[in-house]
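Asks: Handing you this structure, nothing more for now.
The values are calculated or read from the model by the stated rules, or taken from the named source; none is laboratory data. The shown structure was predicted, so the numbers you read here are calculated from the model rather than taken from an experiment. A quick note on method: Cβ atoms are made from the backbone with ideal geometry, for glycine too, and the neighbour counts reach across all protein chains shown.
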Amino acid sequence: MMQREQTSTGNNGFSQKAFYPARDFDTVDEKDWAIIDILRRNSRTSNSDIGRELNVSEGTVRKRIQKLLEEGAIKKFTVVLRNEGIEGIILIRTEPKKAKELYDFFTRKFDEIFEFSGRFDLAIKVNCKSLDELNRIVDDLRGMDGVRNTDTLIRLH
């Protein structure tokens, strides 16, 4: 996949490079990518603050964000919670005929689902209060029709 590189200065003053997939967003220009970069760092940044940083008006920022939402370039704004428990990634191998059904089900139950081609078909990122809770989730997944097997990765730091 082709990628485009964008350099910005983060809140810590260091230069940061962000790599974005080259997409067929015909109407997304460099100013839009700059807005997206700011929102990725902090989605609560006000349109006025974005405008000041990019040297454009608040109205310009508001219109561009609305356009990005309408065109689907921005899907949603979200919150990332502080992780105080166990963070894991559950890799799932599915029956081929059940893969889409399972993916659709998981998208309604979990925030981060990834689809793969290879040894595993799906991955689910989970944050749990305890190892027991993570084990219960894995056991529930293993008991589902269409799940062949799972492997679980646990983040140590």
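Asks: Which residue pairs have Cβ atoms closer than 6 Å, lie 6 or more positions apart in sequence or on different chains, and pair a first residue in the range 129-147 that is farther than 16 Å from Ile89 by Cβ with a second residue that is of a type in the set (Lys, Arg) and not in a loop (DSSP other than H, G, I, E, B)?
Replies: Listed pairs, sorted by first residue: Gly146/Lys98.
Asks: Moving on to the next point. Output the residue which, of all residues in the range 60-112 that are within 15 Å of the chain's Cα centre (by Cα) and among the hydroxyl-bearing types (Ser, Thr, Tyr), is farthest from Thr150 (Cα to Cα).
Replies: This residue is Thr78.
Asks: For the condition among the aliphatic types (A, V, I, L, M) and either exposed (fewer than 12 other Cβ atoms within 10 Å of the Cβ) or within 19 Å of Thr152 (Cβ to Cβ) (or both), what is the one hit in Ile50, Ile89, Ile38, Ile65? Give the derivation first.
Replies: Values: Ile50 fails: either exposed (fewer than 12 other Cβ atoms within 10 Å of the Cβ) or within 19 Å of Thr152 (Cβ to Cβ) (or both); Ile38 fails: either exposed (fewer than 12 other Cβ atoms within 10 Å of the Cβ) or within 19 Å of Thr152 (Cβ to Cβ) (or both); Ile65 fails: either exposed (fewer than 12 other Cβ atoms within 10 Å of the Cβ) or within 19 Å of Thr152 (Cβ to Cβ) (or both).
Matching residue, one of Ile50, Ile89, Ile38, Ile65: Ile89.
Asks: Pairs needed: first member in the range 44-60, without any contact (Cβ under 8 Å) to a residue 60 or more places away in the chain and more than 19 Å from Thr78 (Cβ to Cβ); second member anywhere, small (Gly, Ala, Ser) and part of a helix (DSSP H, G or I); C-beta distance under 8 Å; at least 6 residues apart or different chains.
Replies: Close Cβ pairs satisfying both conditions: Leu54/Ala34; Ser57/Gly51; Glu58/Ser48; Glu58/Gly51; Thr60/Gly51.
Yes/no matrix, rows are residues, columns are (1) on the phi > 0 side of the Ramachandran plot; (2) surrounded by 15 or more Cβ atoms within 10 Å (Cβ to Cβ); (3) among the hydrophobic types (A, V, I, L, M, F, W, C):
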| residue | (1), (2), (3) |
| --- | --- |
| Glu71 | no, no, no |
| Thr94 | no, yes, no |
| Arg108 | no, no, no |
| Ser117 | no, no, no |
| Val138 | no, yes, yes |
| Asn149 | no, no, no |
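Asks: Of (1) of a type in the set (Gly, Ala, Ser); (2) within 19 Å of the chain's Cα centre (by Cα); (3) outside the structural domain of Asp29 (by TED's automatic domain parsing), Gly143 satisfies all except one. Which?
Replies: Gly143 satisfies every listed condition except (2).
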